[in-house]
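Contents: one structure, followed by commentary.
The values are calculated or read from the model by the stated rules, or taken from the named source; none is laboratory data. What you see is a predicted model, and the numbers here were worked out from it, not measured in a lab. Cβ placement follows ideal geometry from the backbone for every residue including glycine, while neighbour counts extend to all protein chains displayed. These area figures cover heavy atoms from the full protein model, side chains too; ligands, DNA and RNA do not enter into them. Shrake-Rupley method; radii C 1.70, N 1.55, O 1.52, S 1.80 Å.
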Amino acid sequence: MMCISARYFAAVVPPLFLFLWMLQKFYLRTSRQMRLLDLEAKSPLFSQFIETLSGLVTIRAFGWASAFEAQNLALLDASQKPFYLLFCIQRWLDIAFDLSVAILGAILMVLVVKLRSEVSTGYVGLAILNVITFSQSLSQILRNWAELETSIGAIARTKAFVTHTASENKPGENEGPQARDIDLSLWPSHGAIEFHDVYASYEVGEEQTYVFRNLSLSIQPGQKIGICGRSGSGKSSLLATLFRLLEIGPQSRILIDGVDIAHIPRQTTRAALNAIPQESFFTHGTIRANIDPSNTNGIEDIKQALRRVELLDVVEMKGGFDAALDANFFSHGQRQLFCLARALLRKSKIVILDEISSNVDLISDALIQRVIREDFADCTILAVAHRLDTILDFDRIAMIHNGELIEFDRPEVLLSMDSAFKRLYES
């Protein structure tokens, strides 16, 4: 439109484009880095805020409020530095655009005055209006382009993480006939578990420290195995090793129905086992999405599972299966019962229980124990015990101390002799 008003103004367009290209290249290079620094500077502030909320009771109990407030203010000041610099850069960009548009306006008015006999007044007014709004349009376009590049930078960081971060699956784990021939829908079909000279560690390398050592035991299909020991003895680490969350030694073997889990993908092993953790875990979503994440069960099966743990009336009273599940939807005991209902819907021959009744009341504990004994009667159960009376009717009890298996026998045998298990039970 400005070129229509004054045809000689077209000679200014190529230098203008060259100037804008140099300006955006200089601005984007700096703005992109400042935006990344802004995101990185805010991350410690958000982390400290979330950690403060989760530990608010402890902070108040020890009188640490002033220290955490000072830490929060320091992180807030640090997070505002890149934001302030980015704000200054944007103001510099506005000044650069305003000056360039002022020069264009001056050139346009000189041409209009010189060519006043050849230019229509309507075109002159339209050209002046375009010059006034030209700076705002260029600034907005460049800022949007910078935000787009910042968003693409987040995708680039995700791609770099996927490309350069080593996979937890080792090269040999996805090789061999077992990895190709295993059928996830049929395995495990019996539930037999065998540990042969198992060493496990959280680290990978030559200087790794083993959490437990030389562990060997055989669990028959359908057996109920209780695992007990003092805190830090390696009980939960043993269960985590079954899920391949720990690295096992090169000569160690863990067989599930004759399949060495070191030679199949870890995701396959985890999908085949049924676990109920000590701390209930929920995702953002509806009741239906949390109790049946894979969406493989019908609504009647879900109702039956909730009815089995006496939660169906609670769910229906609070909105049904389409209601959003938030942190205050269930009490603590009801959360564990909900996780138990979720486990009932998973068809697996091996059930892993990690102290699921340690933080619930006696009534919920009795209900949990009854459902486990009745509904998982034909399954192999490995249970870490917080209360020894909950595993006294199990087939065998494994006593772990300092990462080693020191007792593995029937409960009545362990209680009838002078054993570590008996001393722990009596204490």
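Let's test this: bin the Cα-Cα distances of segment 24-147 at 10 Å from zero up to the farthest pair and state each bin's percent.
Per 10 Å bin, starting at zero, the Cα-Cα P(r) for segment 24-147 comes out as 11, 26, 19, 16, 12, 8, 5, 2, 0 percent.
Which of the three applies to segment 322-378, rounded, prolate or oblate, going by the alpha-carbon gyration tensor with a ≥ b ≥ c and a/c under 1.5 meaning rounded?
Oblate, because a/c is 1.5 or more while a/b does not exceed b/c.
Using 0.36 nm times the number of residues separating LEU126 and LEU362, minus their current alpha carbon distance, what extension gain do you get?
Length gained, LEU126 through LEU362: 76.8 nm.
Mind scanning LYS235/LYS303; LYS318/LYS347; LYS25/LYS114; LYS235/LYS349; LYS224/LYS347; LYS303/LYS347 and naming the pairs with a C-alpha gap bigger than 25 Å?
LYS235/LYS303; LYS318/LYS347; LYS25/LYS114
Determine the distance separating the Cα centre of segment 259-276 from the Cα centre of segment 47-78; give it in Å without decimals.
40
In straight Cα distance, which lysines are under 21 Å from LYS170, not counting same-chain residues fewer than 8 positions off?
LYS159
Which angle between 0 and 90 degrees, to the nearest 10, do you get for helix 13-54 versus the longest principal axis of the chain when only C-alpha atoms count?
Between the helix axis and the principal axis of the chain, the angle is about 30 degrees.
How far is helix 299-308 tilted, in degrees, relative to the longest principal axis of the Cα atoms in the chain, given as a value from 0 to 90 rounded to the nearest 10?
50
Along the Cα→Cβ direction, 7 angstrom out, place labels at LEU73 and TRP145. What is the inter-label distance in nm?
4.3
How much of the accessible area of the chain, probe 1.4 Å, is carbon plus sulfur, in whole percent?
C and S fraction of accessible area: 59 percent.
Please report the Cα spread of the chain along all three principal axes, rounded to whole Å, starting with the longest.
The principal-axis extents, from largest down, are 116, 51, 51 Å.
In whole Å, what is the distance between the alpha-carbon centres of segment 335-383 and segment 283-311?
Segment 335-383 and segment 283-311 have Cα centres spaced 15 Å from each other.
Mind checking Rg over Rh on segment 231-374, alpha carbons, Kirkwood formula for Rh?
Result for segment 231-374 is an Rg/Rh of 1.00.
Using 0.36 nm per residue, how much length does the chain from GLU404 to THR163 gain when fully extended, once their Cα-Cα distance is taken away?
Residue separation times 0.36 nm, minus the Cα-Cα distance, leaves 82.9 nm.
Along Cα→Cβ, 7 Å out, is where each label goes; now give me the distance between the ones at LEU392 and GLU374 in nm to one decimal.
2.2
Could you list the chymotrypsin sites (Phe, Trp or Tyr not before Pro) in segment 87-122 that lie in coil according to DSSP, counting only those with at most 16 other Cβ atoms within 10 Å of their Cβ?
The qualifying sites: there are none.
So, in Å, what gap is there between the alpha-carbon centers of segment 213-230 and segment 116-170?
62
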